[in-house]
Amino acid sequence: MLARIDLVSDLTLLGRIALAALLGYVIGYERELRGSPAGDRTFALVALGAAAVTALRVQDFPASAEKVIAGVITGIGFLGAGLILRGEMGIVRGLTTAAALWAAAAAAILVGAGDILVGVGAAILVFMILEMQYVPLFRGLAAETRRQRKAQGGPSEHG
């Protein structure tokens with residue numbers, strides 16, 4: 001027996017997946033603009049995959065959705081680990097990008113699960129956090145914090 005096609009349901013899921021991919025693309029564009037090794041396409045693909053798997057599980061297999069979500073989060077952690085590099089003089093690079101990838105996937109999971117407003121809000125927050133250092137007021141605060149860390153011999157953050 002052929003499965004009945006529910007066009008409205010399928011288009012709804014496709015719309016959520018496309019929205020998640022768009023949100024991932026915007027966050028990735030910011031990372032690419034700032035010279036990150038992971039950019040718009042990487043973020044869009046990760047968000048698309050996270051939303052698609054989540055949407056399918058939530059709709060068709062709600063009893064096991066949390067297992068799939070946990071698997072997606074773990075998988076994104078492995079991708080993020082590949083972005084983190086230790087450069088010259090022990091400086092860690094890519095940590096902010098890895099965290100942004102993880103947060104973008106979390107926003108995509110929310111969108112895929114149908115929590116569209118919360119997912120979009122989370123993606124906006126991720127973008128705002130990434131861009132805060134380029135706002136003059138916050139840039140001055142961040143520079144002062146880095147100066148204090150350097151004076152104390154502590155770590156500095158590089159994205």
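The values are calculated or read from the model by the stated rules, or taken from the named source; none is laboratory data. The structure presented is a predicted model; accordingly, all values stated were derived computationally and were not measured. For neighbour counting, all protein chains shown are included, and Cβ atoms are generated from backbone atoms with ideal geometry for every residue, glycine included.
Residues that are among the aliphatic types (A, V, I, L, M), closer than 18 Å to residue 39 by Cβ and out of contact with any helix residue (DSSP H, G or I) (no Cβ under 7 Å at 6 or more places or on another chain) within segment 82-98 comprise 85, 95, listed in sequence order.
The listed residues are 110, 101, and the only one of them that is of a type outside the set (Val, Ile, Thr) and either touching a residue at least 24 places away in the same chain (Cβ under 8 Å) or in contact with a strand residue (DSSP E or B) (Cβ under 6 Å, 6 or more places away or on another chain) (or both) turns out to be 101. Of all the listed residues (105, 65), the sole one being within 22 Å of residue 31 (Cα to Cα) and not aromatic (Phe, Trp, Tyr) is 105. Screening residue 37 against (1) in a helix (DSSP H, G or I); (2) surrounded by 13 or more Cβ atoms within 10 Å (Cβ to Cβ) leaves a single unmet condition, (1).
Name the helices (runs of 4 or more DSSP H) wholly inside segment 48-159 in which the number of residues that are hydroxyl-bearing (Ser, Thr, Tyr) and modelled with pLDDT of 85 or more is 1 or more. Answer list for segment 48-159: 65-83, 95-112.
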